[in-house]
Structures are given as structure tokens and as C-alpha cells.
Amino acid sequence: MFIYFTNMRSIQIACILLMVHYGVIGQDALSPRIANYTIDMNLDVENKQVNAKQTVIWINPSDAPVSELQFHLYYNAFKNSESTFMQEGSINGGMSSNSTENCDWGWIQVLSIVDSAGVELVGAGEYIQPEDNNSKDQTVLRIPLDTPVAAGASATFNLEWQSQIPKIMPRTGYNKDYYFMVQWFPKLGVYEPAGMRYAEEDQWNCHQYHASGEYYANFGNYDVSISVPNDFVVGASGQLASKKVAGDLTTWRYTIDDVIDFGWTASPQFQEIHEQWQGVDIKMLCYPDHVHCAPRYFGAVKAAFAYMDEHIGKYPYKTLTIVDPPIHGLFTGGMEYPTFISSVSFCFLPTGIRTPETLVVHEFVHQYFMQMVATHEVEEPWMDEGFTTYFEGKILDGYLGEHQSTINWLGVQVGNADFNRAEFFHSSNPQIAPSSTKSYEYTEGGYGEIAYNKTALWLTTLEGIVGTRTMNEIMKTYFDTWKFKHPCGQDFIDIVNQIVSKNHGTEFGPDMNWFFDQALYGTDLCDYAIASISNDELKSPTGYLKDFENCTTEETTLAAYYSKVVVHRLEGMQLPLEVEITFENGEKKIREWDGRERAITFEFRGDQKIVKAIVDPQGKLTIDKNWINNSYSINPNKTGVQYYFSKIFLAAQRALESLMVLI
Ligand SMILES: [Zn+2]
């Protein structure tokens, strides 16, 4: 279809014609539609294979010709024990001998890739390993082009490929008659022109598939026809455009525009349950014994729809599919793909343990961060997992109650923010890496606790410092500015600086970089503590008060005290904070501190003793690691007991959630 032109005007005309032909240009295009896929595939349930024909229309977004393509072949992570994914993860060691004997591995092979001039390119292809030089890793395929794609031009490539579906690996695979098919097709990396994100020169950004970290992709339109046995039910990203029966097979055709990926699932046992939210068709797919879970999922996800719509922006797609995997598909739970998310089958938990609600809200928020705001999940996981965890807390607290949104069971109440704190501070080393770490560079652990929980904690701390109104404006402006684009961390920081400066001038300094230097790029912890309270009775002045001969004491009638509160900074992080001092008569005074020195003393003279002092009385600094030492009373109470009691239940919840390695 595509013909190579040699001048720019011809290129532009050709692009327009081509894009109109394929519907790449639509009046309501939300995104640049750089990488567009039409896939026609057959699911071979006998051999657990996919056979597919795939057309890719790709637009060169740079100012210079591009002479090669790079494709992700994610399924080759499951080809053998030597892939980078398997070497990094613990899955291989956990594979049963039965699985090894049955060869439950998977792979994907590109059989043919033909350009628009009819030239077969696959023979020149080679596997590359941009990160680790593991020559056994085949998750990135480089295809040199016979004819370079000109600057700004569009090019069409026709592929044929085949894959062996692995028996349930992390995120994808089959088990029995359940199929969860994600990161399943040859998918282009992102060609980043110089100046995009951190690119200093034009480059392919196409990471190998790592055990941690998911994907990063350009926006585009998808048209996927999935042929399965007639008794299968298929759910997928986007809308069902048609369903045609031919012999033993039914072809389910799903389409969706302006997304960065496409996932699907199939099983003959799926039940479909539908609800609506303001014109969006919400579909739940589950096995028959889980139909009763539907109200929990729908209730929580509708709360998430409402929150994101009000605070961030409208959900622009027509569908959302929630997959509740069967128990033998547990590893595919807790995942997010455009308009297509999976939860985990934990509906056996009492309604007071909110794991199903937490998961579905978390995965839904990913529709915004990182589906619409398409950050790089591998290079900067904090920008999607941390944001998602932050919003998950806000939504669940609003829906279920602030201090009971994670557990409200048998009299124990734990909120989402409490849970984030427990996850982070009780990890084996909360300082093992900064939040800015790439997903696959958390080699010694900490990915979940830092990319997810620590980021959520410092985002709520930032909100505490600048105020909720300013924080809401930051998040909405960030979304409006960067939706359907690919921001990097600095782009978010720039928005924070812009909004804080507009709303608060220089109240927090010339910019907020000092905050990000510590919270995002640093590993210091935060802990402020009331060290002591003292109330010394002021003695009457005495001594040689008037002359050199008469030793006297002045008569005073009022009792008076010289009172002090000493506050310590026990860790490295320096944040502005308030200290609330309560006097005997109930009077409270607030003192502000920039939090920079190691200690500060607040002094008072008067007729009232200090009875209590609290650091950060409003709990703005959620990243403060120890709240027990935040308050000090000369009449101590027992608030710590409830805290430690709660921790027992947090540990139980954590054990359950640790099964869901992928949220
Ligand atoms: Zn997530």
C-alpha cells in the first residue's frame, strides 16, 4: 500500500491519504496515533498457540529518516530459563517439576515482515539486548529496513507470526480453558525524537522484558479479530465491533482508538455482567461461582469513575472490562491494559477486608496514569504506580471511610494511607533506593515499597505542605497538559513548580525542587519527634538586685513558668512543619518550623504550664516514619497500643496482598 516518495510534499499527501484510508485520522482523534495495529488471529486451543497476520502502520515522528524498527517480543521472556525476565525473577525456581516436564514455556516467532514494496525483511532481523547483553534474551527484535521511513512519513508493514502460549506466567498465559492474553503480539518500541523525555538524540526506546516493569508505547488505533472455538467468550480492550460464526470458530472483532496497548481474554466459562456509568459500558467477566463478587467490583469502580471524572478528567472510552480470573489464573490478576483490567479472585474475603475493591480501583486509575498520560512504566515506575497508589487511597477513603478503607473487620480499622505507611516503613530497607529508580534496577528489592508506597506517601506529604486545593490543581493541570503524550518526571516537577508558584508565590522557596531532591531523588527518611517538655517555675529575682550591699528577693504574687518544648529531627529529610503546644488551661499555640536544623526549642513564659506538644498536628507529613514520637504529653495516654494492635492485622493483610505480585 505505501509507496516511498522522495520529496516532503509527496510524503505529506501520501501520509494523509494513507491515514484517511486506515482511519488513522479521525475527526475526534485524541492522540497522535503513531503506531496502529490490525491483527487477525486464530487461537489454537489444541496446541495452545496463536497464529496471526498483523499490519502495522507506523509514523516516523522525527525530523530524520529511520532505517530500522525495533519490536518487543514479550512472549520470548517465557521461552526458557535463560531469558532476562527469568534470570531476574523467581518464577523459574518456582516452576513445578511437572511444569518443566510438560514444557509449559512459551515463545513468539515472527515468520515474515514485508514492507510496502513487498520486500521480506525478517531474514535481516536480529535479537538485541539493549540493557544487559544477555545474548540468550530474545525479547527485542531489531529489523533493518530495506527502505528507510522518511521524516514524518507513514509506513506499512505486514507481519505473520506464531506464538506458543505459556501456562500461566506472570501477567499472561493459559491454564485449563482460561486464556489471559496481554503483551502478546509483536509491538513496536517508541521512537523518541531528540528532546522527547530524556532523549538527547533520535533513538528507539525498546527495553527488554524485565521481571519488574511492564510497558511503554506510542498511541494508536487497534483493530483485532480473534477467532476462537464457538463456545468461548472473548473480552478485550475496546468495543466489540462484530461477532461472526464460521464453522467451528467464532471471530470476535474488537476495535479501539487512541490507546497504547491491547489485551484480551477468553474462556468458555466466562459469565458477562454489565453495568453502566454515564454511558460507559462496564463489563465484568468471571467464572460462574464469582458472579456474587460483581457488586463489590462495580461499587468500587463507579466510585473511581466519579472521583477521576470530577478531579482529573473525563474517561473518554466507551467500555471498561474487568476480568476476575479463576483461581487457576491468579498470576494474571491485578493488571492494567487500556480499558481492560484484571482483579484477583479474593471475594472469599469478608467484605470488611477490601482487597477486591482496592485492586479494581488501583487498576482503574491506571487508565489515567499510565494509559492516557503515557509515562514510561519501566524507566519511571513511580509516575504510574506511585500516582495510582496515591489516588487509590483518596478514592477508597472517600468511598469506604478514611481510616477503614483497607480493613474494617472485627473492630479493627485501617485506612489505605495507614497501609501504605506500613508497607514502606516495615520493608526490610526503606532506604534501599530512591523513588526515581528504574523498575529493573531494584535488583535488591524495594520495587513495590518504594515505587508504589513511598511515592504515594510523598505525594500526600506534598499535598499536606501545599494544601489540597493546590494539589488538586497540580494533578488536573498535569493531566490536561500531558494526556495522550509521554511526559517524564521533570515534566511533572515543572507543573508542580508552576502551580505552587502561582498559588503561593515564594512561600516555599523559589521552587519546589528542594522537595523532589529529597522525596523523589533522595533516600533519606523523615522523622520529627517531640524530645521533651519542661515547665520550670520562675523564681523571684534574687541577689544583689539594687546595690552592692543588700541581698534581696523581689516579691511576686503570680505563679509563673519558664516552659520549653524541644523538637528533634531524627532523620535526614527536612520538611517544613507545625508544632502545636497545649497549655494547662486548654489554650493551644501553633509554631512553624522550617525543619532544617537538627533540633529547635520553643520557649514560653507565663502562668500556664505546657501539658502537651504535637509535631505536625494535622498529620500533613504522611512520610514521617514514626507518629508515636510526634506527640508528648505530661499525662501520657495509650494511643500506641491501638497502633501496634493494628499492625498485627496489617501483617495479615500484607501476606494476602503479597500473593498479588503485579498490581
Ligand atoms: Zn499498578
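How big is the gap, in Å, between the Cα center of the range 377-434 and the Cα center of the range 205-231?
Here the answer is 28 Å between Cα centres.
For the chain, with the dipole built from +1 on Lys and Arg beta-carbon atoms and -1 on Asp and Glu ones, taken about the Cα centre, which of 284, 439, 600 lies farthest toward the positive end?
284
With only alpha-carbon atoms counted, please give the Rg and Dmax of the range 389-519, in Å.
16.0, 49
Angle between the Cα long axis of helix 355-365 and the longest principal axis of the chain, 0 to 90 degrees, nearest 10?
It is inclined by approximately 70 degrees.
Search the structure for amide H atoms under 5 Å from the amide H of residue 287, placed 1.01 Å from N in the peptide plane, and list their residues when 5 or more places away or on another chain.
Residues meeting the amide H criterion: 271.
Kindly put 71, 604, 270 in sequence by how many other C-beta atoms sit within 10 Å of each C-beta, fewest to most. Before the final figure, lay out the partial values.
Details: 71 25, 604 17, 270 21.
Listing 71, 604, 270 from fewest to most nearby Cβ atoms yields 604, 270, 71.
Sequence neighbours fewer than 8 away in the same chain don't count; with that in mind, list the aspartates and glutamates whose C-alpha is under 16 Å from residue 53.
Straight-line reach from residue 53, under 16 Å: 40, 44, 115, 120, 160, 223.
Report, in listed order, any pair from 546/609; 302/502; 243/318; 48/79; 476/620 with a Cα-Cα distance greater than 23 Å.
On the way: 546/609 30 Å; 302/502 33 Å; 243/318 18 Å; 48/79 14 Å; 476/620 21 Å.
The pairs that break the limit, which is 23 Å between Cα atoms, are 546/609; 302/502.
Under unit Cβ charges (Lys, Arg +1; Asp, Glu -1), what dipole magnitude, rounded to 20 debye, does the chain have relative to its Cα centre? List each step's numbers first, then the result.
Details: 47 positive and 82 negative charges, 227 e Å.
In total the dipole reaches around 1100 debye.
Could you list 163, 67 so that the one with the fewest beta carbons within 10 Å of its beta carbon is first and the one with the most is last?
Values: 163 26, 67 11.
With the fewest neighbours first, 163, 67 line up as 67, 163.
For the chain, take the longest principal axis of its alpha carbons; what is the angle in degrees between that and the long axis of helix 455-466, to the nearest 10 within 0 to 90?
Between helix and principal axis, roughly 50 degrees.
Nearest 500 deg cm²/dmol is fine: what mean residue ellipticity at 222 nm does the chain get from its DSSP H runs of n ≥ 4 alone, each adding -39,500 (n - 2.57), divided by its residue count? Kindly include the intermediate steps, with their values, before the conclusion.
Details: 13 runs with 152 residues, N = 663.
It comes out at -7000 deg cm²/dmol, rounded to the nearest 500.
Once you keep just the Cα pairs under 8 angstrom separated by 6 or more residues, what percentage relative contact order results for the range 269-365? Intermediate values should be presented prior to the final figure.
Numbers: 157 pairs, mean separation 25.6, N = 97.
Contact order relative to length: 26 percent.
Long-range amide H contacts for residue 259: which residues qualify at under 5 Å (H placed 1.01 Å from N, peptide plane, sequence gap of 5 or more or a different chain)?
The answer is 220.
What number do you get for the chain when its Cα radius of gyration is normalised by 2.2 N^0.38 Å, N = residues? Numbers along the way, then the final one.
On the way: Rg = 29.2 Å, N = 663, 2.2 N^0.38 = 26.0 Å.
Here the Cα radius of gyration is 1.13 times the empirical estimate.
Defining a contact as two alpha carbons under 8 Å apart and six or more residues distant in sequence, what relative contact order in percent does the chain show? Can you show the working numbers first?
On the way: 1419 pairs, mean separation 65.9, N = 663.
For the chain, the relative contact order is 10 percent.
Taking the Cβ of residue 272 as the center, what net charge do the other residues with Cβ under 12 Å away carry, scoring Lys and Arg +1 and Asp and Glu -1? Write down the numbers at each step before the final one.
Values: positive: 283; negative: 275, 281, 324.
It works out to a net charge of -2.
On C-alpha positions alone, give me the angle between the axis of helix 468-482 and the longest principal axis of the chain, in degrees, nearest 10.
Result, in degrees: 20.
May I ask you to list the chymotrypsin sites (Phe, Trp or Tyr not before Pro) in the range 530-588 that are in a DSSP loop and have at most 10 other Cβ atoms within 10 Å of their Cβ? It would help to have the intermediate numbers written out before the result.
Details: sites: 544, 548, 561, 562, 583; in loops: 544, 548.
Passing sites in the range 530-588 are 544, 548.
For 623, 450, which order do you get if you count the other beta carbons within 10 Å of each Cβ and list the fewest first? Let's see the in-between values first.
Details: 623 26, 450 29.
Least crowded to most crowded, the residues run 623, 450.
Taken together, the values in this text are just the output of simple stated rules run on the coordinates, not laboratory data. Computed from a predicted model, the values in this text were never measured in an experiment. As a convention, Cβ positions derive from the backbone with ideal geometry for all residues, glycine included, and neighbour counts pool all protein chains shown.
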